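Enquirer: Take a look at this one; I'll ask things after.
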Amino acid sequence: MVNAVNNPLRQPIEQRSPWVDAVRRFRRNRLAMFGLVILLFLAFLAIGADIIRPYPYDRVFLDKRANTLPFVDPAHTLGLDSSSRDYLSRLIYGARTSMLVGLTVPLISFAIGVPLGAISGYMGGKVDFFIQRIVDVATAIPPLLFALFLLSVLGSGVGNVIFVLSITGWIESTRLTRAQFLAYREKEFVTSARALGAGSFRIIVTHILPNAVSPLLVSFTFAVPLAIFAEAGLSFLGIGITEPTASWGKMVGSGIGNTIRVYYHLALFPTLMVALTMLGFSFVGDGLQEALDPNRST
């Protein structure tokens, strides 16, 4: 008898986790890694803002001229804004505001949308009909106008902006989760689990949701820059983040005016930061979409 240990044909096949293959594909994507570096840099700014900023974001330099141009005063590298506050410090603190809104809004939206979509897609019937009619009604309401109305009633501020964007951003996650559960609920492994006596909650959480997490993760990645962009738009209109809290959108709105041709930095720098953030999340989202595609070879 041939020894199985010495026979290469009898060697056990190494089983690799799909997540390990996904990480390898993601690391080979240069644009995705570049986007990840951008996000790590923004996270560093947001977390370490209190340490790395030159001055407090709300400190007013009464002895300095407002709207000082960049690279003119060595003490203020990026100049001063219209209220004589250090612009570099406000840009750094703006990263904290944007990352807070950008991460919190999708988390709350997915916490609402994923359970609704899971119940709708798995249960079907009257439950699915009822939830989808709620989705249809919510879809018919223009999100921007609804956000403007709510913020006009509730008032501005970081908390209210997060609340308003969260209750208007759960629709897409609900639809995506429902589509995934509709695709998986009649699969063989789900039918087998149901035949073995597994309850609906166990099937949803243990069997279907882990298989549907890949597109949800990609969707979450793309939802983050959309939330940041929405906050920037609301702040640009003057109903988002209130003073003196630093926000890139509000800084852009304050910088656009008759003096923009002279004091260009007031709108240019925060616009570049918003664009950089959007670019980073877009690259990471595209990289995750390719890495988590099971049809791609390693």
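Enquirer: Find the percent of Cα-Cα distances in the range 90-211 that exceed 24 Å, and round it to a whole number.
Expert: Beyond 24 Å sits 41 percent of the P(r) for the range 90-211.
Enquirer: Compute the normalised compactness of the range 65-158: alpha-carbon radius of gyration over 2.2 N^0.38 Å, N being the residue count.
Expert: 1.77
Enquirer: I need V284, V20 ordered by Cβ neighbour count within 10 Å, fewest first.
Expert: Lowest count first: V20, V284.
Enquirer: Here's something else I'd like to know. Is the C-alpha gyration tensor of the range 58-108 telling us rounded, prolate or oblate? Criteria: a/c under 1.5 is rounded; beyond that, a/b larger than b/c is prolate, otherwise oblate.
Expert: Prolate is the answer for the range 58-108, as a/c is 1.5 or above and a/b outweighs b/c.
Enquirer: Can you classify the chain as rounded, prolate or oblate using the Cα gyration tensor, where a ≥ b ≥ c are the square roots of its eigenvalues, rounded means a/c under 1.5, and otherwise it's prolate if a/b beats b/c and oblate if not?
Expert: Here the chain falls in the oblate category.
Enquirer: Hey, rough spin-label estimate for V72 and F130, points 7 angstrom out along Cα→Cβ, what's it come to in nanometres?
Expert: Output for this residue pair reads 6.4 nm.
Enquirer: Select from F269, F61, F229 the residue whose mean-square fluctuation is largest in a Gaussian network model of the chain (Cα-Cα springs shorter than 10 Å).
Expert: F61
Enquirer: Quick check on the range 208-261: take the gyration tensor over C-alpha atoms, sort the square-rooted eigenvalues as a ≥ b ≥ c, and tell me if it's rounded (a/c under 1.5), prolate or oblate.
Expert: prolate
Enquirer: Sticking with this one: Would you please state the base-10 log of I(q)/I(0) at q = 0.12, 0.15, 0.16 1/Å for the range 154-298, with intensities from the Debye formula using one equal scatterer on every alpha carbon?
Expert: Those come out to -0.68, -0.87, -0.93, one per q.
Enquirer: How much length would be gained if the chain were fully extended between K64 and E188, taking 0.36 nm per residue of separation minus their Cα-Cα distance, in nm to one decimal?
Expert: 37.5 nm
Enquirer: Simple spin-label model, 7 Å along Cα-to-Cβ: S82 to V213 in nm?
Expert: Here the answer is 4.8 nm between the modelled labels.
Enquirer: A follow-up question, please. Between I47 and L276, what FRET efficiency comes out of the Förster formula 1/(1 + (r/R0)^6) with R0 = 22 Å and r the beta carbon distance, rounded to 0.05?
Expert: After rounding to 0.05, the efficiency reads 0.80.
Enquirer: Just want the answer: with Cβ charges of +1 for Lys and Arg and -1 for Asp and Glu, which residue in F181, G285, V60 is farthest toward the dipole's positive end in the range 34-291?
Expert: Result: F181, furthest along the dipole toward the positive end.
Enquirer: Out of L272, L144, I228, whose Cα points farthest toward the positive end of the dipole of the range 34-291 (charges: +1 Lys, Arg; -1 Asp, Glu; placed on Cβ)?
Expert: About the Cα centre, the residue reaching furthest to the positive side is L144.
Enquirer: Something else: Okay, which of the range 179-214 sit inside 18 Å, backbone N to the point 7 Å along the Cα-Cβ direction of D21?
Expert: Within reach of a label on D21: 210-214.
We did not get these values from a lab; they are worked out from the coordinates using the rules stated. Since we're looking at a predicted model, the values are computed, not measured. A quick note on method: Cβ atoms are made from the backbone with ideal geometry, for glycine too, and the neighbour counts reach across all protein chains shown.
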